[in-house]
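Below is one structure, written out as structure tokens; comments come after it.
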Amino acid sequence: MLSKNLRSDTFAFTVLEVLIAITLSLLLMLSLTRAFKYLADRIKENRVQVELSNRLRSVNQIIQDDLKKMTVLMGSDHQKGATQGYFVYYEGPCTDTTSVMLGAQGVQLPDGVYFQESRFGDVDDYIAFTAHSPDVPFRGIVPKYLLLEKQDETEDSSTNSYNVSNLTPAQIQEAQEPVVIYSNYAEIIYWLQPEYATVSDTDGLGSQGLSYQYDGLGSPAINYLDNSGFPRKLVLHRRVLLIRPDLNLQPVPASAAAGGLTAAGTLPKLPVPTSAGTYVFMDPDPWAGETGGNILPQVIRGGQLNRTWQIGMTPVHQQCDLSVRWVLDANGLPTNRVAANSLEDLSVPHNRFAHVRAPSSVVGFTNPSLNGFTTMPILAVGSEMEYIRRALGNDANGNTTTVATFYPSLQTSPSVGSALNGFLRPEFALGMDLTHTEIPGFYWGRERLGEDVLANSLLGFDGQIFDRLAMVALHSGADGGIGIGGNTSLGSPNSDDFVVDANDPLFFEVMRNATVQEESRGAFVDLAYERLAGGVVRDFDLPLKPFVSSTSELPRVPANTRRLKLNTQYSLAREVVGGTAGSMQIPDSFLRSGKIIRDGTGVHLFQPTYDTYTSRYEYDGLTQRDISGLAPPTRLGTVWWNPHSSLTATTDLATNGLDDLGSIVGTDDPSERETMPPFEAPLTQIRIRLRIADEASGAIGQQAVISDLAL
């Protein structure tokens, strides 16, 4: 038997070769992983940008559609006693460049100046107007009894069906139920609201609730982002208040009126017994701040009793989506009655949403010999944000001064209650009235929280109007020279010269630099852009900070003709006739509007506002005149006087058929007017820029709406 040993050659990898192969495989896998991660990140970023764009487009479309429905015709005659509603744009002290101008140094610009990069834009603007939707009506919610009481009046001329003594608890509950109503006309309001600090508090009925913390100026305290001075969170609110004057009651029998539930020309009320007293629906706070006994709507938490003039209507705004006004008595002071507005009513500023009249003591005046006064209608805003208050500069002598002399609460010693420069009081937002007592089990209040929120995570809501006289200039670039090469023309081709307008952080440089050349006129600007505490000019002669060195400040704008370039449609700078070169003054129209009040000690109130206004104050039988009582050579600002014998002869001079002031113009000329719109130029275009953030990724998107209001 034969045997054979078979030998086969075998091949194998060495350990080193295996390790190299594994290493290469791992490197390949790592590269692929990084590539896939990069691709996934780009896809995610693109998806976030698309989502942000869609969110912005959706909100912008709503704003654009609303603006197209405005009832006011913004032509040359829109301010001559218009009765078709109103348009209002309020400009807070913050601008789109505030967080860049006033923050820590950051990015270097071509001329060597440092500005920080910032996510925040303009956050404290406010826009409101009346709108007409003929095809698809606006919808809102009211308590059921408003409709049933009106129905009862129509059927048998009786309006006392809801006398609380005749109702069972079940019927009272039914009367409070929310029902939907419709109208083709509405008052629409847009504003940003920050997040406020709250604390646990007893609500007056034995249950725990929340109330606001308050800052040192009497306003709800804002939650700031990491001590930055900018709000931690901002949301965009859109309130739609239906215009339904048909819901007001007609003249009623004396027996019904005596019950306190109804009054001619007002909305009916509904008393609701509770364990602590009686809550009355559609009942504002007593204007002067009385507690009102055991009537619960007047129970205000947080020491805000002295603010009933400012937030007294907010309980009513929580109960319904009606455009309502505070009914005035024969002396022109608010009563405890409210009425539903008509378009004509809304042409008068004091009848509008969130418009209030502050007592003289609030803005730092007491004049017992004239029984005091109230301001003209102003917006019910609180303190400006901390970021603005921190931004102090140095005057020519090196002393600490204010950011802008026109902002009372920014002064070294602000007057009591002068914080009227910031965000709309939160009590005006649905479900955010934590100042008033919450009634457990009621349909109103916190149950409606968030219904008026249009968008979250906002970083800017910036309203601007087109000023056809606003300067656009050319500025030399980083090389410090004009033009390039042999071409010494500013802005010559291929040079590094650049364009600057009133929104650019270097606009201040434009105002002082002799090498700057005017390129054109016409730009979108913030209202009163040269006076804003967070703006690029900041009241002409105040320093702009920061720069490369904390002690390096730009020279102030010289008092010469260069200042005259700020004399534009929507600035508050007007050349003094016969004055020295470059001397400026506040326009007479702005002083007569009551949006500014001043005296020898400084400015007590300043709210830059574009308002279509009205001529009704010229024949209302009440006295609205300059703070001195008459029209002096230098105006101090119009106020609304309480009745006084020494002022009756100065009432409604512009419509009494006499030449009272001896003007060469003649009878009832404009010089005799008590009031005027704050800006006389008709508004043609408005631009609203929205900036929004994605909280998860930190991505930011921005879009703008430009609406032609002169069509």
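Readers should treat all values here as calculations from the given coordinates under stated rules, not as data from a laboratory. Note that the structure is a prediction, hence the values are computed from the model and not measured. Methodologically, a virtual Cβ is constructed for each residue, glycine included, from the backbone with ideal geometry; neighbour enumeration extends over all protein chains shown.
What the table shows:
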item: Stretch gain in nm, segment Thr274-Val453, where the contour uses 0.36 nm per residue and the Cα spacing is subtracted; result: 61.3 nm
item: Amide H partners (placed H, <5 Å) of Val72, local residues excluded; result: Tyr86, Thr130
item: Vicinal HN-Hα couplings computed from phi for region 175-190 (Karplus, 6.51 cos²θ - 1.76 cosθ + 1.60; Hz; Gly/Pro x); result: 5, 7, 4, x, 10, 8, 10, 9, 7, 7, 10, 7, 9, 10, 10, 10
item: Nitroxide proxy distance, nm - points 7 Å out along Cα→Cβ at Leu661 and Leu28; result: 9.1 nm
item: Estimated distance in nm for a label pair at Arg468 and Asn54, the labels positioned 7 Å out from Cα along Cα-to-Cβ; result: 4.2 nm
item: Label point distance in nm, Ile43-Thr168, each placed 7 Å from Cα along Cα→Cβ; result: 6.4 nm
item: Computed lengthening from Tyr182 to Ala649, 0.36 nm per intervening residue step minus Cα-Cα distance; result: 163.6 nm
item: Hz values of 3J(HN,Hα) by residue in region 687-695 - Karplus curve (6.51, -1.76, 1.60), Gly and Pro given as x; result: 10, 10, 9, 10, 10, 9, 10, 9, 5
item: Long-range HN-HN contacts of Met584 with modeled amide H, under 5 Å; result: Val576
item: Amide H contacts of Arg232 (H built 1.01 Å from N, under 5 Å, at least 5 apart or other chain); result: Glu195, Asn223, Tyr224, Leu225
item: Modelled FRET efficiency - R0 56 Å, Ala12 with Glu195, Cβ distances, 0.05 increments; result: 0.20
